[in-house]
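Colleague: One structure is given below, represented as structure tokens, and several questions about it will come after.
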Amino acid sequence: MSSVPPPNESLAELAAVLGDDNVRTLVATFLRDFPGSFQELHGGERKNRHRVAHSMKSNSRLMGAFDLSARMAALEARLDHEGGQDVTPEDLAGIAADFDAIAGPLRAFVG
């Protein structure tokens, strides 16, 4: 396992409670699952995209990725209303950029 400390305060606090190894497992799961969730935002039923946005919002917040979490919260709110704007190419680009900004430090932590 990596000896790199948690990359942000949120994960450091979580590691203080759960232990570094357990938090590394959570982070590894987030990194593994994020690409599939991201792909689910590209199509299918609106209700499913809303569910995925909600999950991505919560998981990002847990990782200390607050910019990504806020972006997902805004998308979730839009998708919650039938008349609200759907997922746009700009949303997808922003989500990808926010994920890329945090993925390196998370990967270093996981090792």
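The values are calculated or read from the model by the stated rules, or taken from the named source; none is laboratory data. As the structure is a computational prediction, the values presented were derived from the model and not from experiment. Counting neighbours? That spans all protein chains shown, and the Cβs are built from the backbone with ideal geometry, glycine included. Accessible surface areas use protein heavy atoms only, side chains included; no ligands, DNA or RNA. Shrake-Rupley method; radii C 1.70, N 1.55, O 1.52, S 1.80 Å.
Colleague: With the full set of protein chains in place, find how many percent of the accessible area of region 51-111 is carbon and sulfur; take the probe as 1.4 Å.
Modeller: That fraction is 55 percent.
Colleague: Run through region 19-111 and list the GluC sites (Glu not before Pro) located in a DSSP loop whose Cβ has at most 10 other Cβ atoms within 10 Å.
Modeller: For GluC sites (Glu not before Pro) across region 19-111 that sit outside H, G, I, E and B with at most 10 neighbouring Cβ atoms in 10 Å, the list reads Glu45, Glu82.
Colleague: Another question about this same structure. Counting only the heavy atoms of the protein chains, how much of Thr88 is accessible to a 1.4 Å probe, in Å² to the nearest 10?
Modeller: For Thr88, solvent-accessible area is about 20 Å².
Colleague: Relative contact order of region 59-111: what whole-number percent is it, with Cα pairs under 8 angstrom and at least 6 residues apart?
Modeller: Relative CO of region 59-111 lands at 30 percent.
Colleague: Here's another thing I want to ask about it. Determine, from the Cβ-Cβ distance of Ala16 and Ala108 and an R0 of 22 Å, the FRET efficiency 1/(1 + (r/R0)^6), rounded to the nearest 0.05.
Modeller: It comes out at approximately 0.70.
Colleague: So what is the diffusion coefficient of region 22-69 in µm² per second by Stokes-Einstein at 20 °C and 1.002 mPa s, using a Kirkwood Rh over Cα pairs?
Modeller: It diffuses with D of about 193 µm²/s by this estimate.
Colleague: Still on this structure, please answer the following. Under the rule of -39500 (n - 2.57) per DSSP H run of 4 or more residues, summed and divided by the residues of the chain, what mean residue ellipticity at 222 nm is obtained, to the nearest 500 deg cm²/dmol?
Modeller: After summing the helix terms and dividing by the residues of the chain, the value is -25500 deg cm²/dmol.
Colleague: When ligands, DNA and RNA are left out and all protein chains stay put, how many square angstrom of accessible area per residue does the chain have with a 1.4 Å probe?
Modeller: On a per-residue basis, the chain sits at 55 Å².
Colleague: Quick check: pseudo-label points 7 Å beyond the Cα along Cα→Cβ at Glu82 and Gln39, how many nm apart are they?
Modeller: It is 3.1 nm.
Colleague: Ranked by accessible surface with a 1.4 Å probe, highest first, in what order do Ile102, Ile95 come?
Modeller: Correct descending sequence by accessible area is Ile102, Ile95.
Colleague: Now for a different question. Just to verify a number: what accessible area does Val4 come out at with the full protein assembly present, 1.4 Å probe, Å² rounded to tens?
Modeller: 60 Å²
Colleague: I need the Debye-formula profile for the chain: one equal scatterer per C-alpha, no solvent, reported as log10 I(q)/I(0) at q = 0.12, 0.13, 0.17 1/Å, two decimals.
Modeller: -0.42, -0.48, -0.76
Colleague: Another question, then. Can you tell me, using C-alpha contacts under 8 Å and at least 6 residues apart, the relative contact order of the chain as a whole percent?
Modeller: 37 percent.
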